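I have placed the structure first, in the form of structure tokens, so that the comments after it can refer back to it.
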Amino acid sequence: DVKVTQSSRYLVKRTGEKVFLECVQDMDHENMFWYRQDPGLGLRLIYFSYDVKMKEKGDIPEGYSVSREKKERFSLILESASTNQTSMYLCASSLSGGEGNTIYFGEGSWLTVV
Amino acid sequence: RKEVEQDPGPFNVPEGATVAFNCTYSNSASQSFFWYRQDCRKEPKLLMSVYSSGNEDGRFTAQLNRASQYISLLIRDSKLSDSATYLCVVRRNDYKLSFGAGTTVTVRA
């Protein structure tokens, strides 16, 4: 079974703090993703990585950065957290290539910025 | 306009009923289509892919209509355990995924 693990499930941070969200997958997947999910908006892609040290902006990258130093680990960084970044953050991974590859999600990290 | 739009529901149905709902997508170049299921405060999980000819998986039937740019999901003989939010997912031509906001289904005893 594919396992995508998000180490921090519930966080409360203050405005302006730096926040790290860590994600590890154990299936040697090339692709890793960070999404946020907000009521009524669905999942929105923040960043995407298709290889170690490679990253690509998603639909809403502003206010976020990412790091992929090892294949199994993909970190999301909020340099200076703001209240509008309160959300559920979902990490995901998949094999590379095209249409048939299933995307697997971690359990989510619930971030509240006060 | 959102790339993927779904009726948020909720669809409240009795056990044993049939429930069906659609999802529309805006990008005619979209390549692949999926339904994901998400339980409350849990991560989404793949329910089924949607193929051009339509496909079934047990009590679940998915259809794709490329001309009208919508996909549908039908659940027969609803079970209490089918209560969840169903996310419509479309793979774009850049291989990224676009998600609908979800349709909530509640099956009551």
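Details
- Selection from region B:84-109 of residues that are surrounded by fewer than 13 Cβ atoms within 10 Å (Cβ to Cβ) and assigned to a strand (DSSP E or B): B:Arg108
- Scanning region A:26-54 for residues that are buried (at least 17 other Cβ atoms within 10 Å of the Cβ) and over 12 Å from the mean Cα position of the chain (by Cα) yields A:His29, A:Gly42.
- Of everything listed in (1) in contact (Cβ under 8 Å) with a residue 60 or more places away in the chain; (2) in contact with an Asp or Glu (Cβ under 8 Å, 6 or more places away or on another chain), the single unmet condition for A:Ser82 is (2).
- Wholly enclosed strands (runs of 3 or more DSSP E) of region B:24-83 bearing at least 1 residues touching a Gly at 6+ places or on another chain (Cβ under 9 Å) and closer than 17 Å to B:Val107 by Cα: B:32-38
- Residue in region A:64-79 that is modelled with pLDDT of 95 or more, crowded, with 20+ Cβ neighbours inside 10 Å, within 24 Å of B:Cys40 (Cβ to Cβ) and not aromatic (Phe, Trp, Tyr) present: yes
- Of all residues in region B:43-82, those that are free of Cβ contacts under 8 Å to residues at least 40 places away in the same chain, of a type in the set (S, T, N, Q) and surrounded by 15 or more Cβ atoms within 10 Å (Cβ to Cβ) total 3.
- Against the conditions (1) hydrophobic (A, V, I, L, M, F, W, C); (2) touching a strand residue (DSSP E or B) at 6+ places or on another chain (Cβ under 8 Å); (3) modelled with pLDDT under 95, A:Leu41 satisfies every one except (2).
- Unique residue being under 30 Å from B:Pro10 (Cβ atoms), touching a residue at least 24 places away in the same chain (Cβ under 8 Å) and in contact with an Asp or Glu (Cβ under 8 Å, 6 or more places away or on another chain) when the list is A:Leu43, A:Leu90: A:Leu90
- Members of region A:77-114 that are more than 11 Å from chain B (Cβ to nearest Cβ) and more than 15 Å from A:Arg36 (Cα to Cα): A:Glu79, A:Ser80, A:Leu95, A:Val114
- Any hit, region B:93-100, residues being more than 11 Å from every other protein chain (Cβ to nearest Cβ) and either in contact with a strand residue (DSSP E or B) (Cβ under 9 Å, 6 or more places away or on another chain) or more than 23 Å from A:Met88 (Cβ to Cβ) (or both): no
- Candidates in region B:1-21 are the residues that are buried (at least 16 other Cβ atoms within 10 Å of the Cβ) and within 10 Å of the chain's Cα centre (by Cα); of these, the one that is farthest from B:Asn65 (Cα to Cα) is B:Gln6.
- Per the listing B:Ser26, B:Ser30, B:Ser49, B:Ser53, the residue uniquely among the small types (Gly, Ala, Ser) and more than 14 Å from chain A (Cβ to nearest Cβ) is B:Ser53.
- Scanning region B:22-42 for residues that are under 14 Å from B:Cys88 (Cα atoms) and either hydroxyl-bearing (Ser, Thr, Tyr) or crowded, with 19+ Cβ neighbours inside 10 Å (or both) yields a total of 12.
- Tally of residues being away from chain B (no Cβ under 14 Å) and β-branched (Val, Ile, Thr) across region A:33-76: 2
The values are calculated or read from the model by the stated rules, or taken from the named source; none is laboratory data. Predicted model only: the values in this text are computed from it and were never measured. In this analysis, Cβ positions are derived from the backbone assuming ideal geometry, glycine residues included, and neighbour counts consider all displayed protein chains.
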